[in-house]
Every structure is written in structure tokens, then in C-alpha cells.
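Undergrad: The following block contains the structure, expressed as C-alpha cells.
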Amino acid sequence: MSDYANEFARSIDDPDGFWLDAARGVDWITAPATALDDAAPPIYRWFPDATLNTSVNALDRHVASGRGEQSALIWDSAMTGTVRTYTYAHLLDEVARFAGVLAAQGVGKGDRVVVYMPMIPEAAIAMLACARIGVVHSVVFGGFAAPELATRIDDAEPVAVVTASGGLEPGRVVEYLPLVAAAVEQASATPRTVIVKNRDEVPGSAADQEGWLDWDTEIGSAEPAEPVEVAATDPLYILYTSGTTGKPKGVVRDNGGHAVALTWSMYNVYGISPGEVWWTASDVGWVVGHSYIVYAPLFVGATTVMYEGKPVGTPDAGAFWRVVADHGVSALFTAPTAIRAVRKADPDAAELAKYDVSSLRTLFAAGERLDPDTYEWASKVLGVPVVDHWWQTETGWAIVANLRGLDPMPLKAGSPSVPVPGYDVQILDAEGTPVGAGTEGNIVVKLPLPPATLAGLWRDEERYRSSYLNTFTGYYLTGDSGYIDADGYVFVLGRSDDVINVAGHRLSTGSIEAVVATHPAVAECAVVGIHDDLKGQRPGGYVVLKAGADIDEDTLRAELVARVREEIGAVATFRDVTVVAALPKTRSGKILRKTMRQIVDGEKYTVPSTIEDPAVLEALIDQLGS
Ligand code: COA
Ligand code: AMP
């Protein structure tokens, strides 16, 4: 048997033994005697009798073992032309002092802190500082508008918000402070404190609002905080992600399972060793940023690169290759959209030829399907393995991957390869019956899920059960559909719900519909994820006007686009609006979104027998069909 097959079989046959072995990679305060608590299925917990501190695992233990002077974090901002390097000792000092700032404000174990930050080192410092004192962080992506921030503040009920004066987008400065002020005003929950990291490039400071605190002033006089002991099962963070309704889901991650599985993943999924330079080109606001910009690389004593910029236009399509060359990056992890953007701007890879990227061993991609065309192009121009892997905010780490630290299997274009040890991946039909090789169905994972996967949804166990656990008894529903081929390779074909994926960003069509529906001229609407060559998908809005509504289509489009940008944020990239006479529905009133998407994308479509009025669909095909 291969190393992979051995490890996989052991993880399924003896999960306790497998994960207790993996747990040796973590420094515990009380080491686990038990791996899995399966007393209350379908809810499972990992390492119920253990205690630890996550920031100690990311920082203190590396300083103690002699890595104090090694680079822990390299911040490279293409937006400001700045590079700042933190050694492990320096990062530990900053984290301990910012934890001291929080503690001085009365923030303590179990409290929540919302972090709304651009891609600056202080974002990672704030996260690790929370972890140090047992505070639960909830990072909100900077591309979300004030109402989305307010929704998350209301759900997490933070005692403090940590933010910066703003972010830098190409050609645009994003001022955060008016957004934070509006969100705090809109929210019913009332954070006691807002702490602001001032950036010279962005106007606004803590002084603008009474009671807000300045990061630099506070940290200058702070006492470093000692790490606090937490249970392995205590929450480390809440990360909100899009569900099928407008209300985001607060995915809860624990401390112990997270440290164990993420540490294991750096060696076995990514093949990274202590001291190597690792770069995840994502944003700390997404799960990829949590796991692989901040936590996992630091858990193993690697150097993590944090990049503020884009793959193209900052200043050109050589931006990624410049960072690889400048910092000697061993492995780069990004979204397929970013690779497509680079290819579009530089199809012959002329920019790549300008840099020495010989340090690069592997390119990892996730966040959306890596289409075979992009896979072939990247493999050819880079000459290194291009490794797709599939996962979700909920799981926190890869479900299916080509395990580069075990014995890597052959890569197959279009597939992220095979189930990662710990994940018993199966395909079920709508009735819950397993299907054979090559047949498409619901991708599910037999319970229990491995460590580091979601411990639940924040204060909403009912939604956790109904969203993931109740559809097929004994299985976790991923929400993706796909198939497993005869060699055991998993092919992920797309979401089976109303979640869409735009440039690797997960969005809910329901939340965009909710905003569009508030326009006074709109009677009803449907938003579907239509194919986009660069971003994978983009939201397309189909709108039925109220009888007598007197508005021309261009004005309506401009107003709807502005409304979505204001309510959800620029990241929704809502630009397509089409007025239609009616929406096709089933007799029970369900809008046929999938059929609409297939028509717009020029795919084969099936008309459900339950359709209410076939003439509506025919009219739509005439108007939209390609
Ligand atoms: N703060 C504020 N606004 C943001 C933002 C942030 N952190 N991130 C994106 N936006 C804005 C952009 O400025 C843009 O605004 P605009 O409509 O005024 O131009 C809008 O949101 C859409 O952004 P995006 O979808 O990123 O498109 P883009 O044209 O700016 O860039 C790519 C296209 C492909 C370069 C970019 O999407 C990319 O790098 N994608 C990779 C995504 C990724 O890393 N995903 C993480 C999962 S692994
Ligand atoms: P997020 O929770 O934002 O990470 O988005 C998770 C969703 O993105 C998954 O449910 C998939 O639909 C999609 N996704 C992520 N990675 C991949 C991949 N490698 N292949 C196909 N789809 C992916």
C-alpha cells in the first residue's frame, strides 16, 4: 500500500489512534488522553480532555526552540511598495502587547472581538492576540459594506472592534472608519471599544470618534499578556460565510482540533517543513487566510508571506512572480481566478521570465474549481506541480487533495484528487443511496468529520443540524455535487444550492435578491450565478417590474447596482441586470434558478414536470438563450 493509502485507511479505521498521533505535533498544557468525544452524535468534539493555547503553538514555542530570529511573517505591500519582516521574537512581542491592550480594556476569555482589517500585519497580530487570551475573534472581510458588518456584530456581540483607517484597492482608497461608525450605529449590539490602526495612506483616525482608541498609542504603553489556558473544545474564532438565506452562518472553530489538523496538513497536504517560506495569496477575511496565511504556517515554524495587492495591475502580471523571487517562496497557494487574471494579462508568461522563481516547488489552488485549461497553462509556464484541492469555510482545511507530503499521486486535470485522511467522502443520490463510480450526486462526508472542521454554528445548533446534518442521517452535507471516478478521484462540479462563487469569493444569491427586491419598481427577482471567463461566476439579476413602474432599464440597473454595493459591498460585483416579463416557477412557487442559469450559460437544461407555466420559460429562452 502507498503511504497515502495507509494513512487514509488508518484515519478511517482508527480515528482515535490516528489523531492522537497527530496531536503530538502540538504543545499542550494538558495533553489529550482521548481523541474523539462521540457521546452525542451527530455532534462530535475532538480532544475533550485537553487544554492548550493557540498563540503559544504559533509563536512562543518556536522562540523557545531557537527560532526567535527566524522570519515569521513577511508583509509585502504592492500597494505601498513596502516590505516589513517580523521575526518570531518580534511577532510574539507585538502579539503579547496587543493582547495586553485588549486585556486592559477588560476583554477576556470567551468574549468576542470583531476584526475588520485590510491586509496589514496588524490583522494577524489582532487574531493571534485574541487567541492568546482566549478571546474569540471574528474577522470580517474588508470588501463588505456597513450593513454586512452590522449583521455580524449583532450575531457575534463583540465587546470590541479592531479596525484600521482603511484599505487600498487599485485606484481607490477604502475608508473603513465611516463604515465602522455606520455599522456600530446600525447594530443593536454595542461593542464597548473600537481600536484603530492608523495608516498614513488613508484619511481618518481614532480621534474622529469619541472613545475610540489608537492602536499605536495603546500598544506603546501596554503590558504584554501571558497566554491563557483554554480547553481544546473552546472556540478560537467565528467566521461568517454565505448560506442559502441572506443571514450569514457563523462557523465556529475550536482551538485543539484546529491546531492538530492544521499542523498535520502543513506537512502532509502541502509538504512544507519548518523554516520554509510559504505564501497564501488570499485575504485574512476568508477561511483560506485564517488557516494558511496566519495559523498553519506559524504552527510549523515556517515563514508566512502576507501580500497586500492583486495578481495583476499592482503594477503588472509579474506581481506574483516578483514576490516569489524576492522572498524565496517554496509554495504559493492562490485561487484559480488569480491565475486566470495573470494568464489573461500575460498569456505568454513574458513577465514570469523576468524573475528567478526557482525556489517555487508547488502551486496550490483552491476556492473554486481549477479548470483544466488554467491547470494546463500554469503547469506549462511554471514547470512545477499545480495542485487543486477542495475545501470550504466549514471544514477549515482540505477535504480532497493531492497529498504532497505523503507520496503524491498522479495529478488529473479537473479533479482535486483524493479524500484527505480523516474525510470519508461519499456520493449519495437524492434519496441518500450511494451511487457508483462516475455517477454524479451529493458529495457528503461520513460523520464524524476530522478535527478542525466546524464545531457548529455560533449560537444556532438548530441551523447547524438543518443545514448540514439532517439531510442524510450520519453524513455531513457539503452542498457541492460531483462524482468519484473508478480510480477514487473526486470531481467537484459545483454547488447544489443557491450559493455562488465569484472570483473565489462565496456569495449568497439570496442576500443579493433581498437587496434587489427592496427597489420600489421591482415586483420580484431572481439572482443566479452565470458563467464568467475570469471570475468563474458572476451574479446575474433577472427582474420583473411592478405593473405601471415607469423606469428605463439603464436607470434601474444603475440604482440596483448602487444599492447592492451599499448594502453588501463591492465584493458582490453585481453588475448584470435584465428585465424579464415573468420568472419561471414550479407549481409550488419555487423559482427555477438552475434552469435559468443553464439557459443563460447555453447549457443543456431540463424542464421540471412541476413547471407552473411553460410559456414563461419559452419567453425566457427567446430572450436569454444563447
Ligand atoms: N476591500 C474593499 N474592496 C474590495 C476588497 C477589499 N478587501 N477586495 C475586493 N474589493 C472590491 C474591488 O476593489 C472591486 O471593486 P470595484 O467594483 O470598485 O472595482 C470589487 O470589490 C470586486 O473585486 P474582485 O472580485 O476582487 O475583482 P477585481 O477586478 O478587483 O480583481 C481578481 C479580480 C481576479 C484580480 C481578484 O478577484 C483576485 O485576486 N481574486 C482572487 C480571490 C481570492 O484570493 N480569493 C480567496 C479564496 S482562496
Ligand atoms: P468557501 O467556503 O468560501 O471556501 O467556499 C467553498 C466552496 O467553494 C465549496 O463548497 C465549493 O463549491 C467551492 N470550492 C472551493 N474549492 C474548490 C475546488 N478546489 N474545486 C471546486 N470547488 C471548490
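The values are calculated or read from the model by the stated rules, or taken from the named source; none is laboratory data. On a predicted model such as this, the values are computed, not experimentally measured, just so you know. Cβ atoms come from the backbone with ideal geometry, glycine included; neighbour counts cover every protein chain shown. Note: accessible area is taken over every heavy atom of the protein model, side chains too, but ligands, DNA and RNA are not part of it. Shrake-Rupley method; radii C 1.70, N 1.55, O 1.52, S 1.80 Å.
Undergrad: Look through 151, 163 and report the one residue that is of a type outside the set (A, V, I, L, M), within 15 Å of ligand 1 (Cβ to nearest atom) and closer than 29 Å to residue 259 by Cα.
TA: Numbers: 151 fails: within 15 Å of ligand 1 (Cβ to nearest atom).
Checking each option against the conditions leaves just 163.
Undergrad: Of all residues being hydroxyl-bearing (Ser, Thr, Tyr), touching an Asp or Glu at 6+ places or on another chain (Cβ under 9 Å) and closer than 21 Å to residue 387 by Cβ in the stretch 478-511, which is farthest from ligand 1 (Cβ to nearest atom)? Just the residue, please.
TA: Result: 483.
This table checks each residue for (1) within 16 Å of ligand 1 (Cβ to nearest atom); (2) in contact with a helix residue (DSSP H, G or I) (Cβ under 6 Å, 6 or more places away or on another chain).
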residue	(1), (2)
224	no, yes
230	no, no
253	no, no
273	no, no
281	yes, no
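Undergrad: Can you tell me which of (1) assigned to a helix (DSSP H, G or I); (2) surrounded by 15 or more Cβ atoms within 10 Å (Cβ to Cβ) is the one residue 577 doesn't meet?
TA: Against the list (1) assigned to a helix (DSSP H, G or I); (2) surrounded by 15 or more Cβ atoms within 10 Å (Cβ to Cβ), residue 577 comes up short only on (1).
Undergrad: How many residues are buried (at least 24 other Cβ atoms within 10 Å of the Cβ), part of a helix (DSSP H, G or I) and either without any contact (Cβ under 8 Å) to a residue 24 or more places away in the chain or among the aliphatic types (A, V, I, L, M) (or both) if we restrict to the stretch 129-155?
TA: Of the residues in the stretch 129-155, 4 are buried (at least 24 other Cβ atoms within 10 Å of the Cβ), part of a helix (DSSP H, G or I) and either without any contact (Cβ under 8 Å) to a residue 24 or more places away in the chain or among the aliphatic types (A, V, I, L, M) (or both).
Undergrad: Could you tell me whether any residue of the stretch 95-105 is open to solvent by less than 40 Å² (accessible area, probe 1.4 Å) and under 22 Å from residue 310 (Cβ atoms)?
TA: No, the conditions are met nowhere in the stretch 95-105.
Undergrad: I want to confirm something. Restricting to the stretch 286-330 and keeping residues that are among the aromatic types (Phe, Trp, Tyr) and within 13 Å of residue 76 (Cβ to Cβ), which single residue is farthest from ligand 2 (Cβ to nearest atom)?
TA: For the stretch 286-330, the residue satisfying everything is 321.
Undergrad: Moving on. Within the stretch 345-375, work out how many residues are β-branched (Val, Ile, Thr) and farther than 18 Å from residue 385 by Cα.
TA: Residues in the stretch 345-375 being β-branched (Val, Ile, Thr) and farther than 18 Å from residue 385 by Cα: 0 in total.
Undergrad: Moving to a separate point now. Checking residue 333 against (1) more than 16 Å from ligand 2 (Cβ to nearest atom); (2) not assigned by TED's automatic domain parsing to the domain that holds residue 91, which test does it fail?
TA: All conditions are met except number (1).
Undergrad: Taking residue 126 as the residue in question, decide whether it is within 23 Å of residue 216 (Cα to Cα), in a helix (DSSP H, G or I) and open to solvent by 10 Å² or more (accessible area, probe 1.4 Å).
TA: no
Undergrad: Within the group 431, 394, which residue is part of a loop (DSSP other than H, G, I, E, B), within 16 Å of ligand 2 (Cβ to nearest atom) and among the acidic types (Asp, Glu)?
TA: 394
Undergrad: Then there is this: Quick check on residue 473: is it touching a strand residue (DSSP E or B) at 6+ places or on another chain (Cβ under 7 Å), away from ligand 1 (no atom under 16 Å from the Cβ) and part of a loop (DSSP other than H, G, I, E, B)?
TA: So residue 473 does not fit the description; no.
Undergrad: I'm told residue 446 meets every condition in (1) buried (at least 19 other Cβ atoms within 10 Å of the Cβ); (2) free of Cβ contacts under 8 Å to residues at least 40 places away in the same chain; (3) not hydroxyl-bearing (Ser, Thr, Tyr) except one. Can you identify the failing condition by its number?
TA: For residue 446, the exception is condition (1).
Undergrad: Something else now. Considering every residue within the stretch 531-553, establish whether at least one is in a helix (DSSP H, G or I) and more than 22 Å from the chain's Cα centre (by Cα).
TA: Checking the stretch 531-553: at least one residue is in a helix (DSSP H, G or I) and more than 22 Å from the chain's Cα centre (by Cα).
Undergrad: Any idea how many residues of the stretch 297-306 are within 14 Å of ligand 1 (Cβ to nearest atom) and either open to solvent by 10 Å² or more (accessible area, probe 1.4 Å) or in a helix (DSSP H, G or I) (or both)?
TA: Total satisfying the criteria: 0.
Undergrad: Mind checking which residues of the stretch 580-626 are β-branched (Val, Ile, Thr), open to solvent by less than 40 Å² (accessible area, probe 1.4 Å) and either assigned to a loop (DSSP other than H, G, I, E, B) or without any contact (Cβ under 8 Å) to a residue 24 or more places away in the chain (or both)?
TA: 580, 595
Each row is one residue, and each column tells you yes or no for (1) within 16 Å of ligand 1 (Cβ to nearest atom); (2) more than 14 Å from the chain's Cα centre (by Cα).
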site: 367; (1), (2): yes, no
site: 370; (1), (2): yes, yes
site: 373; (1), (2): yes, yes
site: 378; (1), (2): yes, yes
site: 381; (1), (2): no, yes
site: 388; (1), (2): yes, yes
site: 392; (1), (2): yes, no
site: 402; (1), (2): no, yes
site: 408; (1), (2): no, yes
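Undergrad: Any residue that is assigned to a loop (DSSP other than H, G, I, E, B), touching a Leu at 6+ places or on another chain (Cβ under 9 Å) and open to solvent by less than 30 Å² (accessible area, probe 1.4 Å) - is there at least one of those in the stretch 362-382?
TA: The answer is no, given that none of the residues of the stretch 362-382 is assigned to a loop (DSSP other than H, G, I, E, B), touching a Leu at 6+ places or on another chain (Cβ under 9 Å) and open to solvent by less than 30 Å² (accessible area, probe 1.4 Å).
Undergrad: Now, a different point. Is it fair to say residue 340 is closer than 30 Å to residue 91 by Cβ, assigned to a helix (DSSP H, G or I) and open to solvent by 10 Å² or more (accessible area, probe 1.4 Å)?
TA: Spelling it out, it is not the case that residue 340 is closer than 30 Å to residue 91 by Cβ, assigned to a helix (DSSP H, G or I) and open to solvent by 10 Å² or more (accessible area, probe 1.4 Å).
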